[in-house]
Amino acid sequence: MATQRTFSIIKPDATARNLTGKINAKFEEQGLRVVAQKRMRLSRLQAREFYIVHKDRPFYDELVEYMVSGPVVVQVLEGDNAVLKNREIMGATDPAKAAPGTIRKEFGVDVGQNSVHGSDSSENAATEIAFFFSGIEIVG
Ligand code: CDP
Ligand code: MG
């Protein structure tokens with residue numbers, strides 16, 4: 001598999017507990033490179049738009065409020081098979097069901113406050129990267 005890029009968010013539950021470095025260590029130790037990164041507060045509009053695919057799910061409003069509740073770190077990760085590899089490093093959505101050693105198992109609070117977002121396909125990765133970063137901000 002050729003080098004690929006994926007989009008990642010370190011979510012408010014993790015930034016609140018000062019876990020940015022520990023989460024980045026998981027990416028780096030397992031072969032992903034942080035090629036763009038910025039810490040920001042999402043606006044409610046940005047959070048609603050970013051998660052628009054979930055607009056009809058019962059957890060949508062709660063998810064949006066959580067994502068604006070504190071700072072996030074948005075990132076572009078690069079490496080072989082980066083989309084799938086990042087999903088493996090993250091672990092299952094529900095930390096209780098995530099495999100040992102994954103970010104969500106080690107750091108996740110519950111199914112909502114699960115410490116990280118990661119793109120689920122290369123198409124969505126491209127859309128999500130473009131939502132937050134311009135080309136000159138990504139340095140591979
Ligand atoms: O993040 P992931 O792709 O693993 O899961 P998702 O199904 O795309 O859901 C997006 C996010 O919504 C999750 O990461 C959770 O933060 C939140 N969520 C929730 O609050 N309650 C659920 N039952 C499922 C997801
Ligand atoms: Mg998802």
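Placing +1 on the Cβ of every Lys and Arg and -1 on the Cβ of every Asp and Glu, with no other charges, gives the range 1-128 a dipole of roughly 320 debye about its Cα centre.
Place a point 7 Å from the Cα of HIS54 along the Cα-to-Cβ direction; which residues of the range 96-122 have their backbone N under 19 Å from it? Residues 96-99, 103-122 fall inside that zone. Note on ALA16 and GLU88: the model spin-label points, each 7 Å out from Cα along the C-beta direction, lie 3.2 nm apart.
Please work out the FRET efficiency for the pair THR3 and THR127, using the Cβ-Cβ distance as r and a Förster radius of 22 Å; give the result to the nearest 0.05.
Details: r = 19 Å, r/R0 = 0.86.
Computed FRET efficiency for THR3 and THR127: 0.70.
In order along the range 126-140, the phi-based Karplus estimate (6.51 cos²θ - 1.76 cosθ + 1.60, θ = phi - 60°) of 3J(HN,Hα) comes to 4, 5, 5, 4, 5, 5, 10, 10, 8, x, 6, 8, 9, 10, x Hz; Gly and Pro are listed as x.
Work out the FRET efficiency for ARG33 and GLU65 from their Cβ-Cβ distance, taking R0 = 35 Å, and round it to the nearest 0.05.
Working: r = 32 Å, r/R0 = 0.92.
Computed FRET efficiency for ARG33 and GLU65 comes out at 0.60.
Can you send over the carbon and sulfur percentage of the accessible area for the chain, probe radius 1.4 Å, protein chains only? Carbon-and-sulfur percentage of accessible area, whole number: 51.
Rounded to two decimals, the Cα-based Rg/Rh of the range 1-55, with Kirkwood Rh, is 1.02. Between VAL53, VAL72, VAL34, the Gaussian network model of the chain with springs among Cα atoms under 10 angstrom shows the greatest mean-square fluctuation at VAL53.
Farthest toward the dipole's positive end in the chain, which of PRO12, SER121, VAL111, given Cβ charges of +1 (Lys, Arg) and -1 (Asp, Glu) about the Cα centre? Of the options given, the answer is PRO12.
Residue by residue, the range 14-24 carries 3J(HN,Hα) couplings of 7, 5, 4, 9, 6, 9, 4, x, 5, 5, 4 Hz when phi is fed to the Karplus relation 6.51 cos²θ - 1.76 cosθ + 1.60 (θ = phi - 60°); x denotes Gly or Pro.
In whole Hz, with x marking every Gly and Pro, tabulate ³J(HN,Hα) for the range 102-118 from phi via Karplus 6.51 cos²θ - 1.76 cosθ + 1.60, θ = phi - 60°. With the stated coefficients, the range 102-118 comes to 6, 4, 5, 5, 6, 10, x, 8, 7, 4, x, 8, 10, 6, 9, 10, x Hz. Calculated accessible area for the chain comes out at 52 Å² per residue, all protein chains present (probe 1.4 Å; ligands, DNA, RNA ignored).
Helical content alone sets the calculated 222 nm signal of the chain at -10500 deg cm²/dmol, taking -39,500 (n - 2.57) per DSSP H segment of four or more residues and averaging over every residue. Compute the Cα gyration tensor for the range 38-88, then decide on rounded, prolate or oblate, letting a ≥ b ≥ c be the square roots of its eigenvalues: rounded whenever a/c is under 1.5, prolate when a/b is larger than b/c in the other cases, and oblate in all that remain. Oblate. Shown here for the range 48-94: trypsin sites (Lys or Arg not before Pro) in loop regions (DSSP other than H, G, I, E, B) with at most 15 other Cβ atoms within 10 Å, namely LYS55.
The values are calculated or read from the model by the stated rules, or taken from the named source; none is laboratory data. None of the values given here were measured: they were computed from a predicted structure. Positions of Cβ are generated from backbone atoms using ideal geometry, with glycine treated the same way; all protein chains shown enter the neighbour counts. To get the accessible areas, we keep the full protein, side chains included, count just its heavy atoms, and leave off ligands, DNA and RNA. Shrake-Rupley method; radii C 1.70, N 1.55, O 1.52, S 1.80 Å.
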